[in-house]
Amino acid sequence: MIIVTGATGQLGRGVTEELLKRLPAEQIGVSVRDTDKARDLAGRGVRVRQAEFSDPASLSRAFEGATQVLIVSVGTLGQEGLKLHRNAIEAAREAGARRLLYSSHMAVSPHSLFPPMWTHAATEELLRTSGMPYTALRNGFYANSAAWLLGPAFQTGEVSGPQDGPVSWTTHADLAEAAAVILADEGQFDGPTPTLTSSQALDLAQLGELLADLTGRPSRRVTVPDEQYRAGMVAAGLPEMRIDISVGLFAASRRGEFAATDPALGALLGREPTAMREVLAGVLAAR
Ligand SMILES: NC(=O)c1ccc[n+]([C@@H]2O[C@H](COP(=O)([O-])OP(=O)(O)OC[C@H]3O[C@@H](n4cnc5c(N)ncnc54)[C@H](OP(=O)(O)O)[C@@H]3O)[C@@H](O)[C@H]2O)c1
């Protein structure tokens, strides 16, 4: 049985749906915090069990009988997030799983300028030293973050923020499908996967141009100094870690941390990964 955690979240839900296309439902289990949100999956024959990463006993129950466990990283960062991931790794080992998969990131590094990468790096280190066969999915930057960064540009054409760099924006749907392909063909990647990204890295000015092309409204890129951007968030009362993440995203992208592209995702999908033009057109259509 393949267990997917976080199946009430975007990535985990997508992976579960893609597994259902490839495997009988009785070979799929999900570990979720709120089973009510996964009632439809239970109705389709998926085993649904409740677990919270801070409660090892609940993880043991949810992972019972697992051959592989996909640990979808939790949003919690730092030592707390690492502790939650450690609990999940230990529970998978105790359940006798043959292989662990983990939703890591293309820019994983303890030296990244983007703080979430430190937790991914520490978790990959836990996996490496666990002695268990594992696959770290080096996922590209979520494309929906680009839509969020563009924000008001959908109405005004103005793209405002600190100087950035190119990012190989990748959709949840493509990453979920790739994860399901890897789970269904157990062991094709041992350790970190190649970087799983779309085919093109685009910066905010280029995204603005794409948007202009789709809307017919001219695009204008306004660059704000990092410190001015930070001061705006401080004045808005945002928590320090949230601010560090936002500022760090721009600094890391300027340094090229998210610029790599790789054909591996396309090879897994058997088609071109979704391009940002399509993503932005979808956002516009939904507005
Ligand atoms: N590649 C990227 O660019 C990128 C960007 C942002 C985040 N990420 C990482 O990728 C992960 C998955 O992305 P996503 O979009 O699917 O996020 P999401 O929709 O927020 O899903 C996260 C899932 O983790 C579950 N979860 C959180 N804390 C938990 C805990 N303590 N115990 C058990 N389950 C817990 C959530 O449960 P509930 O459904 O009950 O809330 C949710 O199902 C994120 O959590 C984050 O670590 C990657």
How big is the charge dipole of the chain about its Cα centre, in debye rounded to the nearest 20, if each Lys and Arg gets +1 on its Cβ and each Asp and Glu gets -1 on its Cβ?
340
Most packed first (mean Cβ within 10 Å per residue), the peptides 97-107, 201-211 order as 97-107, 201-211
Going out from 0 in 5 Å bins, what whole percent of all Cα-Cα distances in region 211-283 drops into each bin?
3, 11, 13, 14, 17, 19, 14, 6, 3, 0
For the chain, what is the percent of antiparallel DSSP beta bridges, rounded to the nearest 5?
5
Using a Förster distance of 35 angstrom, determine the FRET efficiency expected from the C-beta separation of A267 and R61, and round it to 0.05.
0.45
Calculate how steeply helix 204-215 sits against the longest principal axis of the alpha-carbon atoms of the chain, using the helix alpha-carbon long axis, and give the answer as 0 to 90 degrees to the nearest 10.
80
Specify, per residue and in Å³, the volume enclosed by the convex hull of the alpha carbon atoms belonging to region 118-203.
107
Using a Gaussian network model of the chain whose springs link C-alpha atoms within less than 10 Å, name the residue from T193, T67, T215 with the highest mean-square fluctuation.
T215
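Using only the heavy atoms of the protein chains and a 1.4 Å probe, how would W169, W148 rank by accessible area, largest first?
Details: W169 10, W148 155 Å².
The residues order as W148, W169, largest area first.
Taking 0.36 nm per residue of sequence separation and subtracting the Cα-Cα distance, how much length would be gained by fully extending the chain between R287 and D190, in nm to one decimal? Please report the intermediate quantities before stating the final value.
Values: separation 97, 0.36 × 97 = 34.92 nm, distance 4.14 nm.
Value of the extension gain: 30.8 nm.
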Rounded to the nearest 10 Å², what accessible area does R44 have for a 1.4 Å probe in the complete protein model?
110
Looking at region 108-251, send over the antiparallel percent of its DSSP beta bridges, to the nearest 5.
10
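For the chain, what relative contact order do you get, as a whole percent, if you take Cα pairs closer than 8 Å and at least 6 residues apart?
Working: 568 pairs, mean separation 50.7, N = 287.
Over the chain, the number comes to 18 percent.
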I need the Debye-formula profile for the chain: one equal scatterer per C-alpha, no solvent, reported as log10 I(q)/I(0) at q = 0.07, 0.15 1/Å, two decimals.
-0.27, -1.16
How would you order 69-81, 170-182 from highest to lowest mean count of nearby Cβ atoms within 10 Å?
170-182, 69-81
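Per residue and in cubic angstrom, what volume does the convex hull of the Cα atoms of region 1-145 have?
On the way: hull volume 15.0 nm³, N = 145.
For region 1-145, the hull spanned by Cα atoms encloses 103 Å³ per residue.
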The Cα extents of region 165-236 along the principal axes, largest first and rounded to whole Å, are 47, 35, 19
Rounded to 10°, Cα long-axis angle of helix 276-286 versus longest principal axis of the chain:
90
What does the accessible area of L84 come to, in Å² to the nearest 10, when a probe of 1.4 Å is used?
20
For region 1-71, with equal point scatterers placed on the C-alpha atoms only and solvent neglected, what are the log10 I(q)/I(0) values from the Debye formula at q = 0.12, 0.16, 0.19, 0.29 1/Å, to two decimals?
-0.24, -0.44, -0.63, -1.52
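The values are calculated or read from the model by the stated rules, or taken from the named source; none is laboratory data. Remember, predicted model here, so these are calculated numbers, not experimental data. When we count neighbours, we look across all protein chains shown, and the Cβ atoms used for this are built from the backbone with ideal geometry, even at glycine. The protein model used for the area step is the full one, side chains on, heavy atoms only, and it has no ligands, DNA or RNA in it. Shrake-Rupley method; radii C 1.70, N 1.55, O 1.52, S 1.80 Å.
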